[in-house]
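Heads up: the structure comes next, in structure tokens.
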Amino acid sequence: MDIFDKYQTLAARRAQLLATGTDPFHLEIEDLAGPCEATIAGRRTILLGTNNYLGLTFDPACIEAGVEALRRYGTGTTGSRIANGTYAGHRALEAELAAFMGRRAAIVFTTGYQANLATIAGLAGNKDAIFVDSDWHASIFDGCLLSGAKVVRFRHNDPEDLDRRLERNPTPGGCKLIVVEGLYSMFGDVARLAEIVAVKKKHGAFLLLDEAHSFGVFGARGRGVAEELGVEGEVDFVVGTFSKSLGGIGGFAVSDHPRFELLRVAARPYMFTASPGPATIASVRAALARIAARPELRARLWENARCLHAGLTRLGFELAAPPGPILSIRLPDERSAVFAWNRLLESGVYVNLALPPGTPGGACLLRCSVSAAHTAEHLETVLDRFASLAAALAQPLAAE
Ligand code: PMP
């Protein structure tokens with residue numbers, strides 16, 4: 001027996017996918033011309049699936065801050081936060097994130113994935129129970145596994161189901177931790193936080209909110225969906241990432257809990273991995289300052305999102321949620337989704353292809369993410385390409 005035998009079904013599915021065109025899951029970006037344009041397969045391509053919501057990856061101040069830090073502090077910290085991997089910049093960014101979020105403390109992690117692993121597995125132990133939305137991101141799933149806690153999934157964005165499950169699962173000698181996302185990454189729908197918070201209070205549970213896709217995008221100051229819905233005071237722990245609106249790599253968690261910083265000596269994904277490099281920290285600090293100083297970036301993103309949502313709807317596409325930074329188009333099956341994805345790429349538009357089992361409810365999606373840096377011309381070209389796609393999808397696919 002070979003050790004890869006367990007992947008036979010996966011391998012067959014992958015081979016089938018590769019036969020239809022470019023590998024959608026290992027696409028090579030050959031060059032970049034700003035946050036929204038790239039060269040892919042030798043072709044100039046508009047990027048409409050990069051989570052680069054505010055377009056800050058090419059912001060001159062962020063680039064300069066990174067370059068300066070690289071020169072001054074070197075290419076990497078070569079150590080974990082608990083050894084030699086905490087520089088003044090890491091501490092400064094934590095103070096700035098805490099201030100931005102209006103919280104007592106912030107902890108910086110090496111990725112957003114690790115922020116969820118560390119926070120969830122650090123908070124919950126084997127006497128506790130985690131009540132988690134069934135559309136969970138992989139990092140939340142893995143954090144739950146790592147915690148050793150009892151894991152209870154509730155129906156997606158359904159506070160009544162959460163209430164029932166909290167009722168039915170007492171935790172003698174332990175705590176209850178609810179884990180939800182602000183903006184769900186596949187369909188782009190927003191958490192029903194006001195009702196979830198009411199249920200949380202009723203059961204004396206703790207609430208952890210992953211604002212990976214909503215930080216910098218929702219709320220008057222860009223703090224996320226909790227700010228937008230006016231419930232920040234009831235969210236005990238917020239997790240976020242640097243890899244989307246902040247245009248870097250890394251993650252964070254914030255809280256007002258007086259013992260929050262114990263995670264620094266309890267959470268293994270914080271303690272046993274190298275810290276983010278100095279250039280990353282410096283560019284993220286500059287990006288955070290940009291988000292605070294330039295609310296017009298957020299306004300532009302929303303304008304673009306509304307424009308694209310309206311245009312795609314007019315063309316007859318079925319959008320999974322109201323206008324927002326994530327616009328997911330539902331297609332009837334995998335074959336048409338793969339066909340559509342390849343067709344768009346060949347016409348110079350990159351979106352994410354999202355297929356089961358990576359999607360909720362077996363959905364086949366073209367997942368678009370909008371950026372403040374998309375110009376009117378970008379959006380016009382994108383809608384033109386989608387119009388051609390709509391015409392192609394109206395034909396039978398048999399010849400493909
Ligand atoms: N949480 C959610 C909801 C995400 O979508 C992601 C990444 N797509 C993460 C956490 C992990 O963030 P990172 O990519 O920074 O590791």
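The values are calculated or read from the model by the stated rules, or taken from the named source; none is laboratory data. Keep in mind that what you see is a predicted model, and the values were worked out from it rather than measured. Using ideal geometry, Cβ is built from the backbone for each residue, glycine included, and neighbour counts are taken over all protein chains shown.
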Please go through segment 54-91 and pick out each residue that is over 30 Å from V265 (Cα atoms) and of a type in the set (S, T, Y).
T57
Return the pairs, sorted by first residue and then second, in which the second residue is part of a loop (DSSP other than H, G, I, E, B) and within 8 Å of the ligand (Cβ to nearest atom), the first residue lies in segment 238-250 and is among the basic types (K, R), the beta carbons are less than 7 Å apart, and the residues are 6+ apart or on different chains.
K244/N51; K244/A212; K244/H213
Looking at (1) in a loop (DSSP other than H, G, I, E, B); (2) in contact (Cβ under 8 Å) with a residue 24 or more places away in the chain; (3) away from the ligand (no atom under 16 Å from the Cβ), which is the only condition N84 fails?
(2)
Cβ contacts < 8 Å: first residue without any contact (Cβ under 8 Å) to a residue 24 or more places away in the chain and surrounded by 11 or more Cβ atoms within 10 Å (Cβ to Cβ), restricted to segment 16-43; second residue hydrophobic (A, V, I, L, M, F, W, C) and part of a loop (DSSP other than H, G, I, E, B), any location; separation 6+ or different chain. Result?
E30/A41; T39/I29; T39/A33
Elements of type helices (runs of 4 or more DSSP H) in segment 189-297, at least 1 residues being away from the ligand (no atom under 16 Å from the Cβ), of a type in the set (A, V, I, L, M, F, W, C) and touching a Leu at 6+ places or on another chain (Cβ under 6 Å):
193-203, 278-293
If only one of T57, T50 is in a helix (DSSP H, G or I), within 16 Å of the ligand (Cβ to nearest atom), within 28 Å of T375 (Cβ to Cβ) and of a type outside the set (D, E, K, R), which one is it?
T57
Can you give me the number of residues within segment 131-153 that are without any contact (Cβ under 8 Å) to a residue 60 or more places away in the chain, more than 12 Å from the ligand (Cβ to nearest atom) and in a helix (DSSP H, G or I)?
3
Are there any pairs, at least 6 apart or on different chains, whose C-beta atoms fall under 8 Å, with the first in segment 105-122 and touching a residue at least 24 places away in the same chain (Cβ under 8 Å) and the second among the acidic types (D, E) and near the ligand (Cβ under 9 Å from one of its atoms), and if so, which?
N116/D210
Can you name the residue in segment 160-188 that is closer than 24 Å to P323 by Cα and assigned to a loop (DSSP other than H, G, I, E, B) and is also nearest to the ligand (Cβ to nearest atom) among such residues?
S185
Conditions (1) at pLDDT 95 or above; (2) touching a Leu at 6+ places or on another chain (Cβ under 9 Å): number failed by D5
(2)
Taking the condition within 30 Å of L145 (Cα to Cα), out of contact with any helix residue (DSSP H, G or I) (no Cβ under 9 Å at 6 or more places or on another chain) and in the same structural domain as E346 (by TED's automatic domain parsing), does N84 pass?
no
Among S336, S328, the single one that is among the polar types (S, T, N, Q) and either surrounded by fewer than 22 Cβ atoms within 10 Å (Cβ to Cβ) or touching a helix residue (DSSP H, G or I) at 6+ places or on another chain (Cβ under 8 Å) (or both) is S336
Considering segment 298-338 alone, what residues qualify as being assigned to a helix (DSSP H, G or I), of a type in the set (A, V, I, L, M, F, W, C) and more than 30 Å from L93 (Cβ to Cβ)?
C307, L308, A310, L312, A337, V338
Search segment 85-135 for residues being touching a His at 6+ places or on another chain (Cβ under 8 Å) and under 17 Å from K244 (Cβ atoms), and hand back the single one that is surrounded by the most Cβ atoms within 10 Å (Cβ to Cβ).
N116
